[in-house]
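Asker: For reference, the structure I am asking about is given below.
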Amino acid sequence: MTAYQPILDLPSFSKVDASTLVEELRALLDECRAEIARVIDSGRSSWDDIVQPMDELANRLNQFWAPVSHLNAVRNSESLREAYNAAVELLSEYYTELGQNKGLYQAYQALEDSAEFEKLPQAKRKALEDALRSFRLSGVSLEADAQKRYGDISRRLAQLTSKFSDNVLDATQAWKKPVNDKAVLAGLPDSALDMLRSAASKADDCEAEYLLSLEFPCYHAIMTYCDTRELREEMYIAFSTRASDQGPHAGQFDNTETMHEILGLRQEMARLLGFDTYAEYSLATKMAEDPRAVTSFLEELAEKGRPFARREFDELQAFARESDGERITQAQGLQAWDVGYYSEKLRKSRYDLSQEALRPYFPAERVIKGMFSVVSKLFGVQFEQAEAGDCYHEDVTFYQVKRDGEVIAAVYMDLFARQQKRGGAWMADYAVRYERHDQDGVRLQLPVAFMTSNFTPATDNQPSLLTHDEVTTLFHEFGHALHHMLTQIDCYDVSGINGVAWDAVELPSQFMENWCWEPEALELISGHYETGEPLPVDLLDKMLAAKHFNSGMMMVRQIEFSLFDFRLHQEYETGFDVQKLLDEVRSKVAVVKVPDYNRFQHSFSHVFAGGYAAGYYSYKWAEVLAADAFDLFSEKGIFDAETGQRFLENILSKGGSEEALILFKRFRGREPSVEALLKQSGLQ
């Protein structure tokens with residue numbers, strides 16, 4: 001541990017002003033450019049003279065931009081969106097300049113070639129090697145014309161990915177359905193009805209008793225429980241055609257051309273840099289060695305998982321016909337909007353268990369407190385709720401993370417679905433742990449995380465009650481937050497999740513999901529919201545018995561998305577038929593047939609507006625690592641202190657300071673094995 005004074009900087013959300021954002025950013029970027037010129041002109045090439053000042057600039061810019069980016073996702077408005085999109089162009093231009101700055105590249109290269117390099121700690125050597133790779137992948141060695149084209153592509157991609165995300169958000173929020181006839185909502189549990197009633201009461205222009213939307217808690221409730229098949233189909237059409245040329249808003253928020261332009265520009269960028277495809281370019285910073293390694297991995301998993309998925313779907317279809325043969329006829333078969341509904345009924349029939357029966361035992365407040373207890377037992381840290389200070393919404397809670405009474409990190413949690421908030425769940429950061437040099441001297445900046453999800457909110461009648469799936473999502477995102485917050489690396493570019501290979505970054509998140517299934521952990525995270533009664537033994541037994549229910553279908557669904565994404569970025573050319581590729585992948589992998597109008601790709605934000613382009617396979621790749629890592633806890637005890645310390649020391653605390661495979665082998669004592677994943681998924 002460092003001996004200098006730690007500091008916990010927190011964001012000032014109220015200072016984000018859309019009317020002045022672009023002007024403020026432009027001024028900050030000008031200051032950064034001036035400092036970069038000073039660093040280069042100094043002629044020095046030591047760590048303290050070159051890398052440390054660049055880290056200061058990166059930190060300063062991140063702390064300016066992180067609250068803006070966060071608010072754009074969680075409290076979106078027309079004025080902020082307009083300013084955000086303009087600012088993104090400025091940032092894209094700046095980062096392109098930075099990546100192609102030959103003087104800076106030469107200074108970094110001189111440091112690597114100097115005698116000082118071998119004396120640097122491992123983390124700094126890795127950071128320097130990563131930085132030099134980033135320069136090369138940003139086109140620093142290109143001729144002037146090619147560099148200009150690279151910059152044009154980067155700016156345009158920044159615009160397009162933001163536009164893609166905006167279109168998905170707008171399409172999601174454009175669809176609403178007021179309902180007065182409660183019979184239409186037959187089958188929905190009281191918790192879902194309360195949610196829809198609450199949504200109607202909060203809407204400005206809704207006079208109906210219930211209001212349906214495409215926000216995920218509502219969509220999931222309808223698709224899982226609603227007896228009215230026509231309503232399920234209507235919502236499925238609206239959801240599966242968002243931001244496309246199909247469905248109720250056909251063409252209005254259409255991402256078709258945006259998607260094609262993104263793909264074309266990515267391929268052009270890759271070829272400028274000497275790669276045949278964007279998929280190959282993507283792998284330059286990942287664990288997987290080449291495209292064939294990825295496709296072989298996915299195809300092997302598909303081969304092992306598809307027979308299980310096929311059997312599960314056949315059983316589901318037989319159950320649906322037996323229980324509702326008038327609607328699920330031999331000729332028509334089970335449709336995409338039927339799968340969730342009959343799956344829940346089959347689960348109830350086979351295991352006498354429904355997600356709704358579990359929900360009262362997972363009040364959000366109890367789950368969060370229990371999750372903190374789990375993490376405390378594993379890694380020896382504590383969590384203390386504190387005043388968030390300058391915050392942006394009453395839903396947000398703020399926690400300090402402590403070890404031995406000392407604050408080591410902090411996290412903002414914004415967990416519930418609402419209007420103006422992007423769907424999904426994610427972790428982002430405001431502050432990175434690192435050795436900070438500024439006018440106040442040398443200090444240790446502590447990490448600060450944002451954790452966001454879209455869980456079922458509280459209603460007038462009851463607190464927020466989570467499904468077990470939502471509990472699992474919470475643990476998943478908190479795994480990312482722990483990776484960020486529990487790092488012991490003080491070097492900016494490899495601290496926390498920085499510098500971690502993208503196909504390894506999901507290891508801590510998927511690893512943490514395991515505790516949602518362990519009886520010892522469930523005692524901590526569950527308790528009836530009215531009585532405090534622990535999860536009854538009979539419900540626990542049923543839940544564990546149903547753990548692998550439809551696991552084959554879930555696996556091939558993830559493989560479908562992964563193969564589609566990777567092959568798309570490996571094979572795309574001008575005029576490429578994206579839908580044809582998706583149909584081909586589905587024919588080989590999927591067991592649930594989807595309608596021709598389905599446009600899943602048009603709202604595939606992970607790939608077209610996130611960081612997962614040619615990298616969605618990372619979820620399955622890292623799941624192998626996570627399952628194999630947890631297998632050691634299964635052997636030693638899920639709260640075994642020594643094993644928890646090993647995971648903390650070798651994985652969570654190391655950030656990106658060493659290659660992911662080296663760190664995993666140090667923890668596990670060997671190469672990762674796919675067998676643990678197959679066993680964990682019940683596919684052996």
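Asker: Calculate how steeply helix 102-113 sits against the longest principal axis of the alpha-carbon atoms of the chain, using the helix alpha-carbon long axis, and give the answer as 0 to 90 degrees to the nearest 10.
Answerer: 80 degrees
Asker: With both bridge residues required to lie in the chain, what share of the DSSP beta bridges run antiparallel, to the nearest 5%? Spell out each step's value before the answer.
Answerer: Working: 27 of 35 bridges.
If I count the DSSP bridges inside the chain, around 75 percent turn out antiparallel.
Asker: Now, a different point. How big is the dipole moment of the chain about its Cα centre under a simple scheme where the beta carbon of each Lys and Arg is +1, that of each Asp and Glu is -1, and everything else is neutral? Debye, nearest 20, please.
Answerer: Result for the chain is approximately 920 debye, rounded to the nearest 20.
Asker: Another one. Alpha carbon centre of the stretch 200-216 versus the stretch 484-503: separation in Å?
Answerer: Here the answer is 42 Å between Cα centres.
Asker: Taking the Cβ of each residue in ASP17, ASP338 as the centre, tally the other Cβ atoms inside 10 Å and list the residues starting with the fewest. The partial results should precede the final answer.
Answerer: Values: ASP17 13, ASP338 23.
By the 10 Å Cβ count, ascending, the order reads ASP17, ASP338.
Asker: Label LYS119 and ALA34 with points 7 Å out from Cα along Cα→Cβ: what is the distance between them in nm?
Answerer: Modelled inter-label distance: 3.4 nm.
Asker: Follow-up question, since we're still on this one. In the chain, if the dipole is taken from +1 on Lys/Arg beta carbons and -1 on Asp/Glu beta carbons about the Cα centre, which of TYR597, PRO463, LEU10 is farthest to the positive end?
Answerer: TYR597
Asker: Further, regarding this structure: When Cα extents along the principal axes in Å is calculated directly from the model, which label among [x] 111, 68, 45; [y] 80, 58, 51; [z] 98, 57, 51 fits?
Answerer: Matching the structure shown: [y].
Asker: Find how much the distance from ASP227 to ARG149 grows on full extension, using 0.36 nm per residue of separation minus their present alpha carbon separation; answer in nm with one decimal.
Answerer: Working: separation 78, 0.36 × 78 = 28.08 nm, distance 5.48 nm.
Going from the current span to full extension adds 22.6 nm.
Asker: Just to confirm a number: summing +1 for Lys and Arg and -1 for Asp and Glu over residues other than PRO457 whose beta-carbon lies under 12 angstrom from that of PRO457, what do you get?
Answerer: -4
Asker: Using 1/(1 + (r/R0)^6) with R0 = 56 angstrom and r between the beta carbons of LYS665 and GLU326, what's the FRET efficiency to the nearest 0.05?
Answerer: E(calc), rounded to 0.05, equals 0.45.
Asker: Further question on the same structure: Compare the Cα positions of TYR341, PRO307, TYR351 along the charge dipole of the stretch 306-362 (+1 at Cβ of Lys, Arg; -1 at Cβ of Asp, Glu; about the Cα centre) and return the one farthest towards the positive end.
Answerer: Among TYR341, PRO307, TYR351, the one farthest towards the positive end of the dipole of the stretch 306-362 is PRO307.
Asker: Applying 1/(1 + (r/R0)^6) with R0 = 51 Å to the Cβ-Cβ distance of ARG133 and GLU523, what FRET efficiency is obtained, to the nearest 0.05?
Answerer: Result of the calculation: an efficiency of 0.65.
Asker: Taking the simple approach of a point 7 Å from Cα along Cα-to-Cβ for both HIS437 and ASP541, what is their distance in nm?
Answerer: Going by the 7 Å Cα→Cβ label model, 6.5 nm.
Asker: Also, quick follow-up: Output the relative contact order of the stretch 359-534, whole-number percent, from Cα pairs under 8 angstrom with separation of 6+ residues.
Answerer: Working: 326 pairs, mean separation 47.0, N = 176.
Relative contact order of the stretch 359-534: 27 percent.
Asker: For a test of the definition: using alpha carbon positions, the gyration tensor, and the 1.5 limit on a/c, classify the stretch 199-259 as rounded, prolate or oblate.
Answerer: The shape class here is oblate.
Asker: Under the classification rounded if a/c is under 1.5, otherwise prolate if a/b is larger than b/c and oblate if not, where does the stretch 451-610 fall, given a ≥ b ≥ c as square roots of the Cα gyration tensor eigenvalues?
Answerer: oblate
Asker: What is the chain's relative contact order, in percent, from Cα pairs under 8 angstrom and six or more apart in sequence?
Answerer: On the way: 1086 pairs, mean separation 119.9, N = 684.
Relative contact order of the chain: 18 percent.
Asker: Helix 21-41 against the longest principal axis of the chain: what's the angle in degrees, Cα atoms only, rounded to the nearest 10?
Answerer: Roughly 40 degrees, rounded to the nearest 10.
Asker: Here's a follow-up. Around CYS491, under 14 Å between beta carbons, what's the net of Lys plus Arg minus Asp minus Glu among the other residues?
Answerer: Every neighbour counted, the sum reads -3.
Asker: Do any of LYS177/LYS345; LYS580/LYS620; LYS126/LYS679 go past 27 Å between their Cα atoms, and which?
Answerer: Working: LYS177/LYS345 25 Å; LYS580/LYS620 24 Å; LYS126/LYS679 35 Å.
Checking Cα-Cα distances, LYS126/LYS679 exceed 27 Å.
Asker: Where does the charge balance sit around ARG292 when Lys and Arg score +1, Asp and Glu -1, over other residues with C-beta under 11 Å from its C-beta?
Answerer: Overall, the nearby charge balance is -4.
Asker: Say R0 is 22 Å: what FRET efficiency, to the nearest 0.05, do LYS402 and SER12 get from their beta-carbon distance?
Answerer: For LYS402 and SER12, the calculated efficiency is 0.40.
Asker: To continue, here is another question. Leaving out same-chain residues fewer than 8 places away, which lysines sit with a Cα under 23 Å from that of LYS377?
Answerer: Those lysines meeting the cut-off are LYS369, LYS402, LYS636, LYS654.
Asker: Looking at THR228, VAL168, ILE153, which one has the Cα that reaches farthest to the positive end of the dipole of the chain (charges on Cβ: Lys, Arg +1; Asp, Glu -1)?
Answerer: THR228
Asker: Within a 10 angstrom radius of the beta carbon, how do ASP245, ASP460 rank from fewest other beta carbons to most?
Answerer: Fewest-to-most ranking of ASP245, ASP460: ASP460, ASP245.
Asker: Sticking with this one: Which order do VAL505, VAL432 fall in if you start with the one that has the fewest other Cβ atoms within 10 Å?
Answerer: VAL505, VAL432
Asker: Further, regarding this structure: Would you mind checking the tilt of helix 256-272 against the longest principal axis of the Cα atoms of the chain, expressed as 0 to 90 degrees and rounded to 10?
Answerer: On a 0 to 90 degree scale, this one is about 40.
Asker: Hey, another quick one. Taking a spot 7 Å from the Cα of SER349 along the direction of its beta carbon, which residues of the stretch 179-197 have an amide N less than 18 Å from it?
Answerer: What the label zone holds, given the 18 Å backbone N cut-off, is 187.
Asker: Also: Describe numerically, in nm with one decimal, the distance between label points set 7 Å from Cα along Cα→Cβ at GLU394 and at GLU207.
Answerer: Between GLU394 and GLU207, the label points sit 2.8 nm apart.
Asker: Checking the a/c ratio against 1.5 first, then a/b against b/c, what shape does the Cα gyration tensor give for the stretch 622-682?
Answerer: Numbers: a/c = 2.21, a/b = 1.23, b/c = 1.80.
Here the stretch 622-682 falls in the oblate category.
Asker: So what is the relative contact order for the stretch 175-240, in percent, with contacts set as C-alpha pairs under 8 Å and at least six apart?
Answerer: 40 percent
Laboratory data are not the source of any read-out in this text; all were calculated from the coordinates shown. No experiment lies behind these values; they were computed from the predicted model shown. For neighbour counting, all protein chains shown are included, and Cβ atoms are generated from backbone atoms with ideal geometry for every residue, glycine included.
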